[in-house]
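Taking it in order: structure first as structure tokens, then the write-up.
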Amino acid sequence: MEEDKRKEKAPYIEAEIELPEGVTPTLDKGVLTLNGPKGEVTRDFFNPQFTLAAEGNKINIKTNKNSKKNKMMLGTTKAHINNIIRGITKGHDYELKICSGHFPMNVSISNKKLVIKNFIGEKFPRQINILDGVDVKIENDIIKVNSVDIELAGRQSALIEEGCKRSGYDRRIFQDGIYIIKKDGKSLK
């Protein structure tokens, strides 16, 4: 009787992701490439515990065995694929605010570099490289970062924010710098 009460575990776990209209998948040895209206993103999802299959407008993910670790990894893989789908259909946007209270800071873009002049009265400008596949625009005191790959957009935003770090200053008093105010889909105000 006790055996009847217990649920039998399935030998594997599987998930299915439905692709929206206009998105085409290509799968080669665990490397998934998704094409969409905004662009293309390629990512390596090879894992001996998983089987990935692209059939028509669906992506199937299947694990070898049913375990807690595999269930978590399946959820993570599904979230990464959903982020890629969102990026190639809508794009990923980040916003940063330029704060210059003590010294007037001048921020511009030239030759695939973000140039920050007169940061806390410095004589030499700071330069931050703009990554390939990322679009950076400056509108008044807001810097907008856009990319089809969420990791590239986040990395570029972090590089810009870190480019204005300085030691020896209390951030509560000297608030000059560039700070992330909106991550993709989340407002940090």
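One table, with the values for the structure above:
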| quantity | calculated |
| --- | --- |
| Neighbours by Cβ (under 8 Å, 6+ apart or cross-chain): first from the stretch 64-86, in the same structural domain as Pro48 (by TED's automatic domain parsing) and under 23 Å from Val148 (Cβ atoms); second of a type in the set (Asp, Glu) and outside any helix (DSSP H, G or I) | Ile84/Asp149 |
| Within the stretch 136-178, considering residues that are part of a loop (DSSP other than H, G, I, E, B) and in contact with a helix residue (DSSP H, G or I) (Cβ under 8 Å, 6 or more places away or on another chain), the one surrounded by the most Cβ atoms within 10 Å (Cβ to Cβ) | Val148 |
| Scope the stretch 1-20; condition at pLDDT 85 or above and either small (Gly, Ala, Ser) or assigned to a strand (DSSP E or B) (or both); matching residues | Glu14, Ala15, Glu16, Ile17, Glu18 |
| Pairs with Cβ under 7 Å, 6+ apart, first in the stretch 15-28 and without any contact (Cβ under 8 Å) to a residue 40 or more places away in the chain, second part of a loop (DSSP other than H, G, I, E, B) | Pro25/Leu19 |
| Residue check, Lys117 touching a Pro at 6+ places or on another chain (Cβ under 9 Å) and of a type in the set (Lys, Arg) | yes |
| Scope the stretch 54-74; condition in contact with a helix residue (DSSP H, G or I) (Cβ under 8 Å, 6 or more places away or on another chain) and not hydrophobic (A, V, I, L, M, F, W, C); matching residues | Thr63, Asn64 |
| Top-ranked residue in the stretch 159-187 [being more than 22 Å from Gln127 (Cα to Cα) and within 16 Å of the chain's Cα centre (by Cα); ranked as modelled with the lowest pLDDT] | Ser187 |
| Residue match in the stretch 117-127 (condition: in a strand (DSSP E or B), modelled with pLDDT under 95 and under 20 Å from Lys90 (Cβ atoms)) | no |
| Tally, over the stretch 21-36, of residues that are surrounded by 13 or more Cβ atoms within 10 Å (Cβ to Cβ), assigned to a loop (DSSP other than H, G, I, E, B) and over 18 Å from the mean Cα position of the chain (by Cα) | 2 |
| Test for Asn60: is it under 30 Å from Cys164 (Cβ atoms) and at pLDDT 90 or above | no |
| Count - residues of the stretch 46-103 that are polar (S, T, N, Q) and surrounded by 15 or more Cβ atoms within 10 Å (Cβ to Cβ) | 7 |
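Residue-by-condition table, conditions (1) part of a strand (DSSP E or B); (2) at pLDDT 90 or above; (3) aliphatic (A, V, I, L, M):
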position	(1), (2), (3)
Lys38	no, yes, no
Pro48	no, no, no
Lys65	no, no, no
Ile81	no, yes, yes
Arg86	no, yes, no
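The values are calculated or read from the model by the stated rules, or taken from the named source; none is laboratory data. Fair warning: this is a prediction, and the values are worked out from it, not measured in the lab. In this analysis, Cβ positions are derived from the backbone assuming ideal geometry, glycine residues included, and neighbour counts consider all displayed protein chains.
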